[in-house]
Amino acid sequence: MTKTEKTRTHFTFRVDTWAANGESIAEQLAGVEDYQVAPATFPAACERWPETHTLRHGTRVIEDGDCRLMASSLGLSRPTGHLRPSI
């Protein structure tokens with residue numbers, strides 16, 4: 001008998017993309033547990049899916065922004081995120 005694997009849906013850190021109206025999360029793009037991997041996940045998600053994203057630790061937003069606007073305003077070919085100061 002094999003053990004049935006369960007898909008994880010809750011992670012310590014997550015990258016989400018937002019609905020066009022900015023009122024709700026449209027999709028969770030990534031979920032990670034390691035705090036050193038989490039900051040690298042945000043620019044990777046921006047590069048792959050150039051929309052508005054947030055990197056969150058629980059309910060606290062660590063990075064946010066429209067990846068398309070940030071890349072073009074900085075003259076970058078690779079989108080980057082905006083680091084939010086801790087409160």
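Each value in this text was obtained by applying a stated rule to the coordinates, not by laboratory testing. Just so it is clear, the structure is predicted and the values come from calculations on it, not from any experiment. Glycine also receives a Cβ, built like all others from the backbone with ideal geometry; neighbour counts cover every protein chain displayed.
Assorted remarks:
- Residues satisfying the stated conditions in region 11-50, i.e. touching a Gly at 6+ places or on another chain (Cβ under 8 Å) and over 14 Å from I62 (Cα atoms): F11, C46
- Where a residue in region 13-27 is touching a residue at least 24 places away in the same chain (Cβ under 8 Å) and its partner, wherever it lies, is of a type in the set (F, W, Y), with Cβ under 8 Å and at least six apart: F13/Y35; V15/F42; T17/W49
- Each residue in region 52-67 was checked for being without any contact (Cβ under 8 Å) to a residue 40 or more places away in the chain and over 10 Å from the mean Cα position of the chain (by Cα), and 4 of them qualify.
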